[in-house]
Amino acid sequence: MICQECQKRSATVHFTKIINGEKMEVHLCEQCAHEKGNIIMFNNSSGLSINNLLAGLFNFNPNIEHTHSNAIHPNEIIQCDTCGMTLQQFLKIGRFGCASCYDAFQDQVTPILKRLHGGNWKHIGKIPERSGGTIHLRKKIDILKETLQSLVAKEEFEKAAEVRDEIRAYEKQLQEGGE
Amino acid sequence: MSIERFLNQTVSPWMNAEGPESDIILTSRIRLARNLKNFMFPTLGTQEEAKKVLDKFKQMIPLINLYPLKDAELLMMEELQPLHKQVLVEKHLISPNLAEQSPQGACLLSQDEVISIMVNEEDHIRIQCIFSGLQLEEALNLANAVDDQLEQHLDYAFSEVRGYLTSCPTNVGTGLRASVMMHLPGLVMTQQMKQLIPSINQLGFVVRGIYGEGSEALGNIFQISNQITLGKSEQDIILDLKNVVEQIVQQERSARESIVKTAGIQLEDKVWRSLGILKNSRIIESKEAAKCLSDVRLGIDIGYIENISRNILNELMILTQPGFLQQYAGGPLRPFERDVRRATLIRERLLLENNS
């Protein structure tokens, strides 16, 4: 098979491009493939990267899931105070500028996160030991409160009372420790 | 200094240890994405900002108290030649992104090449641990231990609701990407892989080729990783991945069995022919080499071929990548020269195998 680009050398790089659902078989020689942007090794430079796809996904979002008045008005500029990134910029590149962007674009970010993470929007998992602060304690209390409710529902009052005392103890710790 | 060692050694030391299910699972990898508080993410940050992040990281290195990171080497991307960076990418020790477009990018690499901590990639810090075979828990535990060490000295960007804040919203929450690299010739040959991929996707996992996003499944090697990083605990993420992977392992085993049963002689023929090509060819493209290596590895696993070590697939797949070939040649090679050199290398390597 001959390379589609130069029509001279034999094609050694074969792949299928899918653009807007349209499949296209591509056969190139190694030289042309490299000139076209190192397709095999460094796919990022070939233009059709995951970033662009992501940005496309985000752009759809505000129209679909505007819960209250969260839809972006064309003239409105939502911007992150810390890094200066605008919501429009974020939607275009699919990357936040800094940690504060998560708060700055909160209303728009939540639906995006839900779409990306199977409906989830809240972190469950590791909490950093040092900068986590009182989160550890509060999480513990939350879990205990759930246990308490299920115990009450099952009418296991003795155990429930134990758990209640445990919660109180932690809450006291929280008041003393935090602030 | 000893960058030479990382470059010249094809097989990372950890590869020699055979992990569980290593007939099908080549590696288990964990990556944790972390960012520093009060610094812009690398995508937007300036050179100076990136420099500050790197300086903070450098100051922290001597304070790390973790045995596996003893004598770890800090590699500065700016100081490396493009070819050297490519070799590190081919060994999966750094990402293409870090090699190509990260101002002030660096990588702290442990002596055994199990731990690599990338600085100023898409996120300020990315901790990666690779183990051979199916060892996701082990890899996660080590990555967590590294993470805890770093957190003692660095202030992470963390929110109670969103978890670890990352540059890309696809990584937020746990910042965890767990991936398993699998050799699945049976499922490819029986045409089951095509059907399997959409169902794996539906479960929230992504299937990719050997070199990540957008790369081809060279040599029937596939990478399976989690997509969801938010709203699930680290343990649940790897447990779910492990379950999926174990099922794929089962299916691959039964695919192999059924091929041996129904088309044993054809398979044996294919395997030996491929070994013949590898032993005798004078010019070989990477795609053909990958295909033949996959066949030979399958032949070893099934038991058709003896006295060739299983590692040959992992080793030669990496060794015959463009970067490595040129590293061995000591300079840039044209594509045709590479194909010749690749063939020579494979022949020599196989000869070595027979004599031992």
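Quick note: the coordinates plus some simple rules give every number you see, no bench work behind them. Everything quoted here is computed from the prediction, not taken from an experiment. Note: ideal-geometry Cβ built from the backbone for every residue, glycine included; neighbour counts use all protein chains shown.
So, in Å, what gap is there between the alpha-carbon centers of the range B:139-200 and the range A:113-175? Result: 25 Å between the Cα centres. Exceeding 29 Å between C-alpha atoms, which entries from my cross-link table qualify? They are A:Lys114/A:Lys172; A:Lys92/A:Lys122; A:Lys126/B:Lys56. Correct reply: A:Lys114/A:Lys172. Identify which of B:Asn307, B:Asn35, B:Asn220 has the largest mean-square fluctuation in a Gaussian network model of chain B, with springs joining Cα atoms closer than 10 Å. For chain B, modelled as a Gaussian network with Cα springs under 10 Å, the answer is B:Asn307. For the range B:293-356, the list of GluC sites (Glu not before Pro) that fall in a loop by DSSP and count at most 12 other C-beta atoms within 10 angstrom reads B:Glu306.
Sequentially through the range B:33-50, phi angles give Karplus couplings (6.51, -1.76, 1.60; θ = phi - 60°) of 9, 9, 10, 8, 5, 6, 10, 5, 5, x, 4, 10, x, 8, 3, 4, 4, 4 Hz, Gly and Pro residues having no value and appearing as x.
Across peptide B:224-233, the average count of Cβ atoms from other chains found within 10 Å of a residue's Cβ is 5. Straight-line cross-link reach from A:Lys154 at under 24 Å between alpha-carbon atoms covers these lysines, not counting any fewer than eight positions away in the same chain: A:Lys139, A:Lys140, A:Lys145. Sequence-ordered 3J(HN,Hα) estimates for the range B:276-290 from the Karplus curve with 6.51, -1.76 and 1.60 and θ = phi - 60° stand at x, 4, 4, 6, 10, 5, 10, 9, 8, 7, 5, 5, 5, 4, 4 Hz, glycine and proline given as x. Spatial offset of the range B:300-356 relative to the range B:91-123 amounts to 25 Å, using the alpha carbon center of each.
3J(HN,Hα) couplings calculated from phi for the range B:223-230 with the Karplus curve 6.51 cos²θ - 1.76 cosθ + 1.60 (θ = phi - 60°) are, in sequence order, 10, 10, 9, 6, 9, 7, 10, 10 Hz; Gly and Pro show x. Counts of other chain beta carbons within 10 angstrom of each beta carbon in peptide A:97-110 average 5. Rg/Rh for the range B:135-235 (Cα atoms only, Rh after Kirkwood) is 1.05. Each of B:Leu196, B:Leu316 was scored by other Cβ atoms within 10 Å of its Cβ. Arranged with the fewest first, they read B:Leu196, B:Leu316. From least to most packed, judged by other beta carbons within 10 angstrom and beginning with the fewest, A:Asp81, B:Asp147, A:Asp107 follow the order A:Asp81, A:Asp107, B:Asp147.
Considering all alpha-carbon pairs of the range B:13-132, what whole percent are spaced by more than 16 angstrom? Working shown, then result.
Details: 4369 of 7140 pairs.
Counting pairs separated by more than 16 Å, the tail of P(r) holds 61 percent.
Sorting B:148-159, B:62-73, B:102-113 by their mean Cβ neighbour count within 10 Å, with the most densely packed peptide first, gives B:102-113, B:148-159, B:62-73. Across peptide B:94-107, the average count of Cβ atoms from other chains found within 10 Å of a residue's Cβ is 1.
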